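The values are calculated or read from the model by the stated rules, or taken from the named source; none is laboratory data. Note that this is a predicted model, so its numbers are computed, not measured. Backbone-built Cβ (ideal geometry, glycine too); neighbour counts: all protein chains shown. To get the accessible areas, we keep the full protein, side chains included, count just its heavy atoms, and leave off ligands, DNA and RNA. Shrake-Rupley method; radii C 1.70, N 1.55, O 1.52, S 1.80 Å.
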There are 2 protein chains.
Amino acid sequence: MDKQKDILNAALKLFTEFGFHGTPTSKIAQEAGVANGTLFHYFKTKDELIVALYVDIKKRLGFCVSKDIQAEDSIKETARKYYIAALHWGIDNETEFRYIQQFLSSPYVSMIPAELVEQSLAMINMIKEGIKQKLIKVTPAEYVMSIISSHLYGVNQYINSQKLSTTKQKQLINESFELVWKMIT
Amino acid sequence: MDKQKDILNAALKLFTEFGFHGTPTSKIAQEAGVANGTLFHYFKTKDELIVALYVDIKKRLGFCVSKDIQAEDSIKETARKYYIAALHWGIDNETEFRYIQQFLSSPYVSMIPAELVEQSLAMINMIKEGIKQKLIKVTPAEYVMSIISSHLYGVNQYINSQKLSTTKQKQLINESFELVWKMIT
DNA sequence: ACATTTGTGGAGTGATTAGTCAATCATAAA
DNA sequence: TTTATGATTGACTAATCACTCCACAAATGT
């Protein structure tokens with residue numbers, strides 16, 4: 001009964017299928033089962049909806065990847081948990097994952113609110129700690145972060161394009177972390 | 001004096017800056033210094049222009065990465081040449097690179113003409129040969145290809161985001177290839 | 001010299017779109 | 001019961017957009 005959620009869901013579905021360009025707000029409202037005006041009651045402009053959807057997805061992803069992290073975990077264990085949680089999330093939320101990509105390579109990136117940038121700071125700090133402990137040999141931390149993120153992205157895309165069995169997926173996910181870890185240490 | 005080229009250049013600039021949605025064909029014509037009708041003389045629809053621009057860029061990239069490859073090169077040498085050429089191209093053609101990303105994560109991907117798909121076959125075959133020779137330990141070839149591509153993408157993005165000196169860039173590029181190579185062998 | 005094709009311009013058009021607005025409805029506090 | 005508040009509606013509009021049309025110019029062939 002939450003119309004705002006309905007609108008976000010409809011927007012996600014249509015934007016990923018037809019692009020920002022190809023989906024009029026009227027279609028989003030229709031898909032969500034609300035009136036045209038209701039959409040603009042919750043989101044002042046179409047742009048605001050586009051950005052709000054990104055923020056919403058990013059928050060859910062952020063929550064999911066950080067929920068299992070424990071303070072006493074080693075650097076490697078922390079890294080593995082982040083990595084594997086993100087990969088699982090990407091597989092279980094293929095559309096959301098595609099939306100993130102689509103958004104990040106669109107001009108809307110520049111509209112990301114400052115509050116959201118802080119989130120990835122935890123991971124950068126973890127990498128910096130790894131470098132300080134001479135565990136991670138590749139520097140600087142931002143470079144490592146960039147490599148890991150894109151690797152994650154590549155593996156995710158591969159898993160989603162091939163429709164592997166759950167067993168194969170699990171195996172690939174674990175192996176792929178070891179691959180990256182070997183590369184940076 | 002080649003108006004078709006002018007239109008493609010203008011489209012590249014505006015699409016990457018304002019997105020497909022945010023750039024009307026009229027603005028593209030204006031930026032290119034041609035009349036509205038001229039644009040539609042060369043490209044039947046806006047969609048055709050969007051795809052044609054992708055094909056044009058991809059062809060230029062394809063030419064650039066394969067021009068130095070020699071038949072007698074070893075697998076590793078071939079791989080290095082591909083990798084480094086692509087990276088250099090990405091740095092020298094930042095806008096084109098961004099357009100490729102933008103295009104690939106948009107619904108227009110499905111409009112890529114069949115002729116273009118063949119191009120990446122050469123690289124897949126090289127990887128398959130590497131696997132056959134037991135040089136490359138990670139399988140299947142498509143997975144390796146996915147990993148390398150996304151790594152390339154990540155490094156490129158990092159280099160373009162930080163504005164490194166040319167010396168640092170060269171160093172990073174060479175190191176990054178060894179990093180990937182170590183990972184898959 | 002003429003005919004034919006090809007390129008170019010830019011005003012014009014019908015359709016579409018983001019966003020508005022005045023009016024209703026639901027709920028609950030006073 | 002009254003009043004107030006916010007959610008919800010959908011017809012409406014001003015603007016924009018992709019694309020057409022046709023006149024004319026330049027190049028090309030005969």
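Of the options B:Ile91, B:Ile69, B:Ile159, report the single residue whose Cα projects farthest towards the positive end of the charge dipole of region B:69-184 (beta-carbon charges: Lys, Arg +1; Asp, Glu -1).
Selected residue: B:Ile159.
May I ask you to rank A:Tyr99, B:Tyr153 by accessible area, largest first, using a 1.4 Å probe over the protein chains only? Numbers along the way, then the final one.
Numbers: A:Tyr99 0, B:Tyr153 55 Å².
In descending accessible area the options line up as B:Tyr153, A:Tyr99.
Rounded if a/c is under 1.5, else prolate if a/b is larger than b/c, else oblate: which is region B:2-138, with a ≥ b ≥ c the root eigenvalues of its Cα gyration tensor?
Values: a/c = 2.72, a/b = 2.44, b/c = 1.11.
Prolate.
Give or take rounding to whole Å, what are the principal axis extents of the alpha carbon atoms in region A:1-43, in descending order?
Here the spans come out as 25, 16, 15 Å, largest first.
Using the Cα gyration tensor of region A:67-185, with a ≥ b ≥ c the square roots of its eigenvalues, what is the shape: rounded (a/c below 1.5), prolate (a/b larger than b/c) or oblate (neither)? Write down the numbers at each step before the final one.
Details: a/c = 1.75, a/b = 1.10, b/c = 1.58.
It is oblate, given that a/c is not under 1.5 and a/b is not larger than b/c.
State the dimensionless ratio Rg/Rh of the protein assembly as shown (Rg: radius of gyration of Cα atoms; Rh: Kirkwood radius). Please report the intermediate quantities before stating the final value.
Numbers: Rg = 21.8 Å, Rh = 22.4 Å.
Using only Cα positions, Rg/Rh for the protein assembly as shown is 0.97.
Dividing the Cα radius of gyration by the Kirkwood radius, what Rg/Rh value follows for region A:119-185? Intermediate values should be presented prior to the final figure.
Working: Rg = 13.5 Å, Rh = 12.9 Å.
Rg divided by Rh gives 1.05.
Roughly how big is the protein assembly as shown's charge dipole about its Cα centre, with Cβ charges of +1 (Lys, Arg) and -1 (Asp, Glu), in debye to the nearest 20? Please report the intermediate quantities before stating the final value.
On the way: 44 positive and 40 negative charges, 106 e Å.
Computed charge dipole of the protein assembly as shown: roughly 500 debye.
Hey, for A:Ser110 with labels 7 Å out along Cα-Cβ, what do the inter-copy distances come to in nm, ordered shortest first?
3.1
Helix by helix through chain A, keep the DSSP H runs that span 20 Å or more along the axis on Cα and average at least -0.5 on Kyte-Doolittle, and give those back in order.
Values: long enough: A:3-22 (23 Å, -0.13); A:46-66 (30 Å, 0.52); A:75-92 (26 Å, -0.24); A:141-161 (30 Å, 0.22); A:166-184 (28 Å, -0.36).
Those that pass (Cα extent of 20 Å or more, hydropathy at least -0.5) are A:3-22, A:46-66, A:75-92, A:141-161, A:166-184.
Longer than 19 Å from Cα to Cα, which of B:Lys3/B:Lys27; A:Lys134/B:Lys137; A:Lys44/B:Lys46 are they? Say none if no pair is. Write down the numbers at each step before the final one.
Numbers: B:Lys3/B:Lys27 15 Å; A:Lys134/B:Lys137 27 Å; A:Lys44/B:Lys46 29 Å.
Over 19 Å Cα-Cα: A:Lys134/B:Lys137; A:Lys44/B:Lys46.
Shortest first, in nm, what separates the label point of A:Asp92 from those of the same position in the other copies (7 Å along Cα→Cβ)?
Values, ascending and in nm: 4.6.
Of B:Leu121, B:Val144, B:Thr16, which is farthest on the positive side of the dipole of chain B, counting Cα position, with +1 on Lys and Arg Cβ, -1 on Asp and Glu Cβ, and the Cα centre as origin?
B:Val144
To one decimal in nm, how far is B:Asn174 from the same spot in the other copies, if labels go 7 Å from Cα toward Cβ? Please give the shortest first.
3.9
What is the dipole size for region B:69-184, taken about its Cα centre, with +1 at each Lys and Arg Cβ and -1 at each Asp and Glu Cβ, in debye to the nearest 20?
Its charge dipole is roughly 460 debye.
Count charges around A:Lys27 for me, please; just the other residues with Cβ under 11 Å from its Cβ, Lys/Arg as +1, Asp/Glu as -1.
Details: positive: A:Lys13; negative: A:Glu17, A:Glu31.
Result for the local shell: -1.
What percent does the relative contact order of region A:1-43 come to when contacts are Cα pairs within less than 8 Å and at least six residues apart?
Numbers: 30 pairs, mean separation 18.9, N = 43.
Reported as a whole number, the value is 44 percent.
Out of B:Val180, B:Tyr54, B:Thr25, whose Cα points farthest toward the positive end of the dipole of the protein assembly as shown (charges: +1 Lys, Arg; -1 Asp, Glu; placed on Cβ)?
B:Val180
Give me the dipole magnitude in Debye, nearest 20, for region A:1-124 about the Cα centre, with unit charges on the beta carbon: positive for Lys and Arg, negative for Asp and Glu. Numbers along the way, then the final one.
On the way: 14 positive and 16 negative charges, 40 e Å.
Around 200 debye, computed over region A:1-124.
Given the -39500 (n - 2.57) contribution per DSSP H run of 4+ residues, what per-residue ellipticity at 222 nm results for chain A, rounded to the nearest 500 deg cm²/dmol? Kindly include the intermediate steps, with their values, before the conclusion.
Numbers: 10 runs with 141 residues, N = 185.
Here the helix-only value at 222 nm equals -24500 deg cm²/dmol.
How much accessible area does B:Phe18 have with a 1.4 Å probe, in Å² rounded to the nearest 10?
About 100 Å², ignoring ligands and nucleic acids.
With a 1.4 Å probe and all protein chains in place, put A:Val109, B:Val180 in order of accessible area, largest first.
Details: A:Val109 50, B:Val180 5 Å².
Correct descending sequence by accessible area is A:Val109, B:Val180.
Net charge around A:Gln157, counting only other residues with Cβ within less than 12 Å of its Cβ (Lys, Arg = +1; Asp, Glu = -1)? Intermediate values should be presented prior to the final figure.
Working: positive: A:Arg98; negative: A:Glu94, B:Glu142.
For residues surrounding A:Gln157, the net value is -1.
Note down the net charge around B:Thr139, summing +1 for each Lys or Arg and -1 for each Asp or Glu among other residues with Cβ under 14 Å from its Cβ.
On the way: positive: A:Lys168, B:Lys128, B:Lys132, B:Lys134, B:Lys137; negative: A:Glu175, B:Glu129, B:Glu142.
Its environment carries a net charge of +2.
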